[in-house]
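Below is one structure; the comments refer to it alone.
The values are calculated or read from the model by the stated rules, or taken from the named source; none is laboratory data. Please read all numbers here as calculations on a predicted model, not as lab measurements. So basically every Cβ, Gly included, is an ideal-geometry build from the backbone, and we count neighbours across all protein chains shown.
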Amino acid sequence: MKKIISMMVATVLALAMMTGCSNNNTTTGSVSTDGSTSMEKVIGALGESFQNDTGITFTYNPTGSGSGIKAVQEGRCDIGLSSRALKDAEKEAGLTATVLAFDGIAIIVNPENPVNDMSVETIAKIYNGEITNWSEIGGNDAEIVLIGREAGSGTRDGFEAITKTEDACKYRQELTSTGDVITTVAQNPGAIGYASVASVKSTVKAVTVDGVEATEANIKDGSYVVQRPFVLVTKADTALSESAQNFFDYITSADANAIISAAGVVPAN
Amino acid sequence: MKKNQFIEKLIHGIFLLLGLITVGCVLLITVYLVISGIPAIKEIGFVDFLFGKEWASTASEPKYGILPFILTSIYGTAGAIIIGVPVGFMTAVYLSKMASPKVKSVMQAAVSLLAGIPSVVYGLVGMLVLVPGIRKVFNVPDGASLLAAIIVLAIMILPSIIKMSITALDAVPKEYEDASLALGATPIETYFKVSVPAAKSGIAAAVVLGVGRAIGEAMAVMMVAGNVPNMPDSLFQSVRFLTTAVSSEMSYSSGLQRQALFSIALVLFLFIMLINVTLNFFLKREKE
């Protein structure tokens with residue numbers, strides 16, 4: 001019995017060593033990415049899975065969308081990551097954008113709240129303190145309680161960028177996880193919060209924005225506006241290195257969709 | 001014989017090494033905190049950092065003033081002591097002097113159980129019961145507030161206060177009390193005029209221990225206090241403590257923001273050192 005076990009262990013070890021060798025021999029090199037901090041979760045998960053499957057070293061430098069775009073332009077990384085669409089000037093400078101995923105943010109209220117629909121302008125006014133009572137937008141006479149995320153959170157960053165309320169939100173509570181936001185909104189009839197669409201539960205009500213529901217299809221076709229694209233930025237005139245091209249194909253293939261969805265965003269491909 | 005001596009020395013060495021691990025950890029943490037906490041204070045400016053009233057670490061023009069956190073931590077701890085100490089102290093007097101042995105053993109088991117509940121459970125119960133409760137009782141828009149944090153902290157420090165006070169009260173020589181009773185004092189007079197004064201440094205140590213527990217608590221407080229960096233002007237305001245300031249922003253922080261978080265941790269560390277020194281002072285006095 002002992003012999004069989006030790007032989008099995010030896011075989012497994014030998015196989016592991018062989019695969020290790022073959023990885024090192026066939027695919028050398030690395031792929032470097034640089035950019036959006038909001039994409040940390042999704043690109044981190046993709047990178048880890050890619051590294052496990054191929055043995056190619058993956059690096060990610062969380063600097064912000066602007067720096068990432070600049071880095072790929074100057075050739076300091078293989079693929080730039082941006083959590084906004086490219087500007088026309090950037091496209092003219094020879095950059096190509098490939099949308100990896102969409103980050104949809106649901107606006108959630110308590111199920112008892114009669115308000116079902118809001119415009120983006122209303123949401124912005126609520127969060128910067130211009131509208132403070134639900135009765136002003138057709139709800140009950142109750143103060144609006146603003147629930148948000150902590151400074152530095154990707155969801156907060158995205159929400160404030162889309163509604164243009166950066167540094168202006170008058171939060172009543174800053175919580176450190178999506179789950180806490182949902183629980184708190186579910187508890188308080190006057191509360192409003194935001195959370196990534198994938199994590200919304202039935203204990204809260206996601207309002208429609210300008211009449212459009214926050215579903216995966218509406219996010220993909222762009223009709224639900226509280227969303228932003230996660231973009232892979234590459235140079236149009238220069239080809240990617242072999243390993244970088246491998247990574248690019250890997251994460252834009254349909255096989256990567258499960259990983260992208262698990263990171264809480266809607267896959268684009 | 002020689003072999004025995006060798007084993008003795010070997011074991012002595014191993015025990016010394018194990019002891020040094022603890023000392024090493026303390027030194028490592030202290031040195032690390034000081035090294036990583038100083039640069040941000042230098043860059044922001046000592047006065048602007050400690051007495052700045054605004055904290056906006058990710059704004060386009062970042063502000064790093066931690067006065068709101070310091071005041072919140074002080075008010076929160078003071079509030080917890082004001083509620084927790086009378087309750088804990090009376091409980092200790094009752095358990096040590098008046099309760100029958102049966103009641104005493106049951107209640108002491110309950111107190112120990114309270115001490116063993118993880119802080120995240122206190123936070124969860126606070127979030128699901130206390131916060132909505134405060135909202136309804138006081139008719140405010142939201143219950144996550146300084147008051148909620150104070151109540152949670154007051155309950156969390158009860159076990160340390162009760163246990164430490166009981167130990168101090170039990171140690172009062174029975175002769176003191178017998179003498180007082182023999183002179184015609186009632187039992188209640190005896191407890192409050194003889195036993196309690198005799199145990200006062202132990203009870204003071206209990207209070208200081210409670211302060212230490214309250215000021216260092218992060219998890220439970222984070223779940224009920226709302227975490228907005230407001231100045232603590234009212235009991236119903238959403239506030240951020242020193243501990244939660246560090247833990248809530250650490251995960252996504254970078255650059256000066258991250259360094260400033262280490263500086264907050266350093267300030268908190270100094271507070272706790274101060275409390276420890278006070279505690280040692282009282283404990284020493286009790287021994288003498």
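Name every residue in region A:176-194 that is modelled with pLDDT of 90 or more and within 25 Å of B:L261 (Cβ to Cβ), in order of residue number.
Passing the criteria: A:V181, A:T184, A:G193, A:Y194.
Kindly check whether there is at least one residue in region B:125-136 that is more than 14 Å from chain A (Cβ to nearest Cβ) and at pLDDT below 95.
Our first condition is that a residue be more than 14 Å from chain A (Cβ to nearest Cβ); within region B:125-136, this holds for none.
No, every residue in region B:125-136 fails to be more than 14 Å from chain A (Cβ to nearest Cβ) and at pLDDT below 95.
Any residue in region A:207-216 that is farther than 22 Å from A:I131 by Cβ, out of contact with any strand residue (DSSP E or B) (no Cβ under 8 Å at 6 or more places or on another chain) and polar (S, T, N, Q)?
yes
List the helices (runs of 4 or more DSSP H) that sit entirely inside region A:44-129 and contain at least 3 residues that are closer than 30 Å to A:A142 by Cα and in the same structural domain as A:K164 (by TED's automatic domain parsing).
Those helices (runs of 4 or more DSSP H) span A:120-127.
Looking only at helices (runs of 4 or more DSSP H) that lie completely in region A:151-236, which have at least 3 residues being of a type outside the set (A, V, I, L, M) and away from every other protein chain (no Cβ under 12 Å)?
Fully inside region A:151-236 and qualifying: A:154-163, A:216-220.
Output the number of residues of region A:94-114 satisfying the condition of being of a type outside the set (S, T, Y) and surrounded by fewer than 17 Cβ atoms within 10 Å (Cβ to Cβ).
Residues of region A:94-114 that are of a type outside the set (S, T, Y), as a first pass: A:94-95, A:97, A:99-114.
Next cut, surrounded by fewer than 17 Cβ atoms within 10 Å (Cβ to Cβ) only: A:94, A:99, A:111-112, A:114.
Residues flagged as of a type outside the set (S, T, Y) and surrounded by fewer than 17 Cβ atoms within 10 Å (Cβ to Cβ) within region A:94-114 amount to 5.
Evaluate region B:237-251: report whether one residue or more is over 30 Å from A:G64 (Cα atoms) and basic (K, R).
Looking through region B:237-251, none of the residues is over 30 Å from A:G64 (Cα atoms) and basic (K, R).
Scan region A:38-53 residue by residue and report those that are within 14 Å of chain B (Cβ to nearest Cβ) and crowded, with 21+ Cβ neighbours inside 10 Å.
A:S38, A:M39
The conditions are (1) surrounded by 19 or more Cβ atoms within 10 Å (Cβ to Cβ); (2) in a helix (DSSP H, G or I), and B:N230 fails exactly one of them. Which is it?
Condition (2) is where B:N230 drops out.
Please indicate, with yes or no, whether at least one residue in region B:98-111 is assigned to a helix (DSSP H, G or I), in the same structural domain as B:T167 (by TED's automatic domain parsing), farther than 30 Å from A:A161 by Cα and charged (D, E, K, R).
Here is the first cut: in region B:98-111, the residues assigned to a helix (DSSP H, G or I) are B:98, B:101-111.
Checking the rest, the ones that are also in the same structural domain as B:T167 (by TED's automatic domain parsing) come to B:98, B:101-111.
Subset that is farther than 30 Å from A:A161 by Cα: B:98, B:101-111.
Now narrow it down to the ones that are charged (D, E, K, R): B:102, B:104.
Within region B:98-111, one or more residues are assigned to a helix (DSSP H, G or I), in the same structural domain as B:T167 (by TED's automatic domain parsing), farther than 30 Å from A:A161 by Cα and charged (D, E, K, R).
Just wondering, is there one or more residues in region A:142-149 that are more than 10 Å from chain B (Cβ to nearest Cβ), not hydroxyl-bearing (S, T, Y) and not in a loop (DSSP other than H, G, I, E, B)?
First pass over region A:142-149, keeping only residues more than 10 Å from chain B (Cβ to nearest Cβ): none.
No, because not a single residue in region A:142-149 is more than 10 Å from chain B (Cβ to nearest Cβ), not hydroxyl-bearing (S, T, Y) and not in a loop (DSSP other than H, G, I, E, B).
Just to be sure I understand the filter: pairs with C-beta atoms under 6 Å, separated by 6 or more residues or on different chains, first member in region B:220-240 and at positive phi and within 11 Å of another protein chain (Cβ to nearest Cβ), second member in a loop (DSSP other than H, G, I, E, B) and surrounded by 21 or more Cβ atoms within 10 Å (Cβ to Cβ). Which pairs pass?
From region B:220-240, the pairs are B:G226/B:A144; B:G226/B:S238; B:N227/B:R240.
Condition first: out of contact with any helix residue (DSSP H, G or I) (no Cβ under 8 Å at 6 or more places or on another chain) and loosely packed, with under 15 Cβ neighbours inside 10 Å. Now tell me which residues in region A:246-269 satisfy that.
Start the filter on region A:246-269 by keeping residues that are out of contact with any helix residue (DSSP H, G or I) (no Cβ under 8 Å at 6 or more places or on another chain), which leaves A:248-249, A:252-255, A:257-258.
Within region A:246-269, A:D249, A:S253, A:A254, A:D255, A:A258 qualify.
Going residue by residue through region A:229-245, is there one that turns out to be closer than 22 Å to A:T178 by Cα and buried (at least 19 other Cβ atoms within 10 Å of the Cβ)?
Yes, region A:229-245 has at least one match.
Hey, B:T58 hits all of (1) part of a helix (DSSP H, G or I); (2) in contact (Cβ under 8 Å) with a residue 24 or more places away in the chain; (3) not assigned by TED's automatic domain parsing to the domain that holds B:L169 but one; which does it fall short on?
Every listed condition holds for B:T58 apart from (1).
Give all pairs with beta carbons closer than 8 Å in which a residue from region A:245-261 that is part of a helix (DSSP H, G or I) meets a residue that is buried (at least 20 other Cβ atoms within 10 Å of the Cβ) and among the charged types (D, E, K, R); count only pairs at least 6 apart in sequence or on separate chains.
As it stands, the answer is A:F247/A:D78, since those pairs meet every condition given.
Considering only region B:149-163, I want to know if a residue exists there that is part of a loop (DSSP other than H, G, I, E, B) and not small (G, A, S).
Scanning region B:149-163, I find no residue that is part of a loop (DSSP other than H, G, I, E, B) and not small (G, A, S), so the answer is no.
Identify all residues within region B:138-153 that are surrounded by fewer than 22 Cβ atoms within 10 Å (Cβ to Cβ) and more than 14 Å from chain A (Cβ to nearest Cβ); write none if there are none.
The one that is surrounded by fewer than 22 Cβ atoms within 10 Å (Cβ to Cβ) and more than 14 Å from chain A (Cβ to nearest Cβ): B:I151.
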